[in-house]
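Here is the structure we will look at.
The values are calculated or read from the model by the stated rules, or taken from the named source; none is laboratory data. This is a predicted model, so every value here is computed, not measured. Every residue, glycine as well, gets a Cβ built from its backbone with ideal geometry; the counts of neighbours run over all protein chains shown. SASA here: full protein model, heavy atoms, side chains in, ligands and nucleic acids out. Shrake-Rupley method; radii C 1.70, N 1.55, O 1.52, S 1.80 Å.
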2 protein chains.
Amino acid sequence: MRSMLWSIVWTLALLVAPMSPGQADEPLALWNDGAAKKAIIDFVAKVTKEGSPDFVPPAERIATFDNDGTLWCEQPMYFQVLFAFDRIKATAEKHPEWKDKEPYKSVLAGDLQALSSQGEKALLEIISATHAGMTVPEFHAIVQDWMRTARHPRFDRPYNQCIYEPMVELLQYLRAHDFKTFIVSGGGIEFMRPWVTTAYGIPPEQVVGSSGVVKFELQDGKPVLLKESNVEFIDNGPGKPVGINHFIGRRPIMAFGNSDGDLQMLQYTTISGPGEPPRPSFGLIVHHTDAEREYAYDRNSLVGRLDKALDEAPTRGWIVVDMRRDWKTIFPAN
Amino acid sequence: MRSMLWSIVWTLALLVAPMSPGQADEPLALWNDGAAKKAIIDFVAKVTKEGSPDFVPPAERIATFDNDGTLWCEQPMYFQVLFAFDRIKATAEKHPEWKDKEPYKSVLAGDLQALSSQGEKALLEIISATHAGMTVPEFHAIVQDWMRTARHPRFDRPYNQCIYEPMVELLQYLRAHDFKTFIVSGGGIEFMRPWVTTAYGIPPEQVVGSSGVVKFELQDGKPVLLKESNVEFIDNGPGKPVGINHFIGRRPIMAFGNSDGDLQMLQYTTISGPGEPPRPSFGLIVHHTDAEREYAYDRNSLVGRLDKALDEAPTRGWIVVDMRRDWKTIFPAN
């Protein structure tokens, strides 16, 4: 009986939600009319129309979203890197040796130029130093605390409020049409899980990302998951289809990204494999064209470089969102 | 509108299902009355009762199930190993060198004694040789073909019909109470995904298991996921809580196993971590006590050894199912 009640409650919630103003009448109300909005709505209509040759059963309506630059801002630097810098500063007292040791020295001096000259290895060392040596719940608590207290340098708001409102609306729109929405991010799984459910309505078990090695042990008879410093999996570039296959085990029918790190996810989603018949699929790239409300960058950006995927978009039929023209808003109201 | 229709259809399905004979009146009809059945029903009643101090919101109702020996039979040998042996035989013609080379020689001669004397390394080599060098969809097709054609040596039925009917009923019962059911198996993820949805009603994205390395590439412009021969992750013993954290990102509130390979999953589920308040949780062990209808084994079995977890069960409050006494049926009718 209780499960029935729950079903009724949820159904009523779904029945009521689309009736609220600005949604029932106008799907994707935060998107300006244009090619991108039309393409999304047409695709969803096509695959959810029962009896149509393009109909896709709900169980197979898998939609995967990159996070950095697709669901939330990634400038002036990936937020997880800014988090790591803040952690270096917050724990520097316990590590007096950092004052004279790279890459910590540059972080503590706020010298990003010097840091970036030290390459990817330096960045990995900073991630390791700040993301390991504690339990998973301890790390989650640190992330949540940072989300409460840190502010974006330009927008002066918490980082988890630097999310793109039109994309959040799109996530809701897809879920209302029985899509299962997943994050597939180069960012860390444990960095995302504490806040993405509130921000995007995506539960922890639908988050795919990069990860470090975790070890289980009993400490004084209590179960503990310890975050270790070595990297386990990088969910970026060709790692994205691998991560999707590993976690989800189905090919998405929709994929959303913004950089070359999403190229292979878009290919995997929209190009049929050898011997596979064509099927309905949809790829979309968020193009950052809005220097005024957010940032404008693509081929020459160190963060979120969009070059090959932008070249490939027309051939593949991927939709390119022009942020400045296609989105009525960027961030949610404060 | 269509999403509303879907919600209504699903709700009606849920409303109708519990009304069918033998379910509404009697939950877990395939379980004999006894301590195990009562403990399950009492726990589910407790955590789904709104307003109760033990109430658990639907999103957190995570239940994890071992597969081998918990959801399906694992004797006379793990079925995935029998699959690997069959693959060695089926592809031996292409590998004339196997006739004189261990461990293949013993497999081809059907000499399991000689094989088991070669230890775990031999088994890993056989798994590698039979589970790699093809794309993921190709491997799925091979597994599906084997499920159609191979027969269990004693029960003379397809392996995917050697599943425990009372456990399938339990999975349905939990889902009807808004639990999300996951497989967490030492078996291979890609070996399970092609058939578990039909067998257990568990979708591919709710399967956690061991895995080999997979590589993405474009072949003649088409996206391909290639299974490579090296092992990536062993989801067994202390690997199970790690796999649960990696894939699901929440602690289950119910866990079901049958061997020492499930010990740490049961600990992780039922013992509070350091500083964590106690919460409702449930652990269950399927004890194979039925030599007549299935098999009887525990502490001395090479396959599915149950020793430490059986010792720990009384202290931890884990329910031990006595298969012979607690289950009315074992396998579904042919």
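Ligands, DNA and RNA left out, the 1.4 Å accessible surface of chain B is 54% carbon and sulfur atoms.
The aspartates and glutamates whose alpha-carbon is closer than 17 Å to the alpha-carbon of A:K99, local same-chain residues fewer than 8 away aside, are A:D86, A:D111, A:E125. Take the accessible area of A alone and of B alone, subtract that of the pair with a 1.4 Å probe, and the total buried over both chains is about 5200 Å². Applying both filters, DSSP loop and at most 16 other Cβ atoms within 10 Å, to the trypsin sites (Lys or Arg not before Pro) of the range A:40-113 gives A:K49, A:K101.
Taking amide H atoms as placed 1.01 Å from N in the peptide plane, the amide H of B:R61 lies under 5 Å from those of B:K180, each 5 or more residues away in sequence or on another chain.
Rounded to whole numbers, the Karplus 3J(HN,Hα) couplings from phi for the range A:110-118 are x, 9, 5, 4, 4, 5, 5, 5, 8 Hz, using 6.51 cos²θ - 1.76 cosθ + 1.60 with θ = phi - 60°, and x at Gly and Pro.
Close amide H partners of A:A296, meaning residues 5 or more places away or on another chain with modelled amide H under 5 Å apart, are A:D290, A:A291.
In Å², and per residue, what accessible area does the range A:48-116 have when probed at 1.4 Å with the other protein chains present?
Accessible surface, normalised per residue, equals 47 Å².
For chain B, the longest principal axis of the Cα atoms and the long axis of helix B:35-48 meet at an angle of about 70 degrees. Among A:Q113, A:Q267, A:Q80, the largest mean-square fluctuation in a Gaussian network model of chain A, built with springs joining Cα atoms closer than 10 Å, belongs to A:Q113. Taking all protein chains as shown and a probe of 1.4 angstrom, A:H177 keeps an accessible surface of around 40 Å².
For the range B:229-300 and the range B:135-211, write down the distance between their C-alpha centroids in whole Å. If you average the Cα positions of each part, the centres end up 17 Å apart.
Using a/c under 1.5 as the rounded threshold, could you call chain A rounded, prolate or oblate? The axes a ≥ b ≥ c are square roots of the C-alpha gyration tensor eigenvalues, and prolate needs a/b larger than b/c, oblate otherwise. Working shown, then result.
Values: a/c = 1.69, a/b = 1.46, b/c = 1.16.
Prolate.
Assuming a ≥ b ≥ c are the square roots of the Cα gyration tensor eigenvalues, decide whether the range B:129-266 counts as rounded (a/c under 1.5), prolate (otherwise, with a/b larger than b/c) or oblate. Oblate shape, in that a/c is at least 1.5 and b/c is the bigger or equal ratio. Checking the cross-link filter: which aspartates and glutamates have an alpha carbon closer than 18 Å to that of B:K328, excluding same-chain neighbours under 8 positions apart? Partners within reach: B:D25, B:E26, B:D33, B:E165, B:E169, B:D290, B:E292, B:E294.
With helices as the sole contributors, chain B gives -12000 deg cm²/dmol at 222 nm; each DSSP H run of n ≥ 4 counts as -39500 (n - 2.57), and the sum is divided by every residue.
Sorted from closest to farthest, the other copies place their A:Q113 label points 7.8 nm away, with each point set 7 Å from Cα along Cα→Cβ. Interface burial in the range A:248-269, defined as at least 50 Å² less accessible area with all protein chains than with the chain alone at a 1.4 Å probe, covers A:R250. Basic side chains Lys and Arg get +1 at the Cβ, acidic Asp and Glu get -1 at the Cβ, and with that the dipole of the protein assembly as shown about its Cα centre reaches some 580 debye. Ascending distances from the B:E97 label point to its copies in the other chains, with the point 7 Å along the Cα-to-beta-carbon line: 4.8 nm. Just report the Cα centroid separation between the range B:87-119 and the range A:37-57, whole Å. For the range B:87-119 versus the range A:37-57, the Cα centre distance is 51 Å.
Farthest toward the dipole's positive end in the protein assembly as shown, which of B:A313, A:I202, B:H152, given Cβ charges of +1 (Lys, Arg) and -1 (Asp, Glu) about the Cα centre? It is A:I202, whose Cα lies furthest towards the positive end. For the Cα atoms of chain A, what angle does the longest principal axis make with the long axis of helix A:2-16, in degrees from 0 to 90, nearest 10? So the helix axis and the longest Cα principal axis differ by about 80 degrees. Residue-wise HN-Hα couplings along the range A:257-273, as the Karplus relation 6.51 cos²θ - 1.76 cosθ + 1.60 with θ = phi - 60° gives them from phi, are x, 8, 9, 5, x, 9, 4, 5, 5, 5, 4, 4, 6, 10, 10, 5, x Hz; Gly and Pro carry x. Averaged over its residues, the range A:126-240 has an accessible area of 35 Å² per residue, based on protein heavy atoms and a 1.4 Å probe.
Here's how it looks for B:R157: its modeled amide H is under 5 Å from those of B:H152, which are all 5 or more places away or on a different chain. Considering only A:L30, A:L82, A:L284, the Gaussian network model of chain A with Cα springs below 10 Å gives its largest mean-square fluctuation to A:L82. Residues of the range B:191-237 that lose at least 20 Å² of accessible area (1.4 Å probe, protein heavy atoms only) when the other protein chains are present, relative to their chain alone, are B:R193, B:P204, B:E205, B:V214, B:F216, B:L218, B:G221, B:K222, B:P223, B:L225, B:E232. Here the range B:248-334 is assigned +1 on the Cβ of each Lys and Arg and -1 on the Cβ of each Asp and Glu. Its dipole about the Cα centre then comes out at about 280 debye.
Copy-to-copy label distances for B:E165, where each label lies 7 Å from Cα along Cα-to-Cβ, are 5.8 nm in order of increasing length. Here the dipole of the range B:181-334 is about 300 debye; that uses its Cα centre as origin and unit charges on the Cβ of Lys and Arg (positive) and Asp and Glu (negative).
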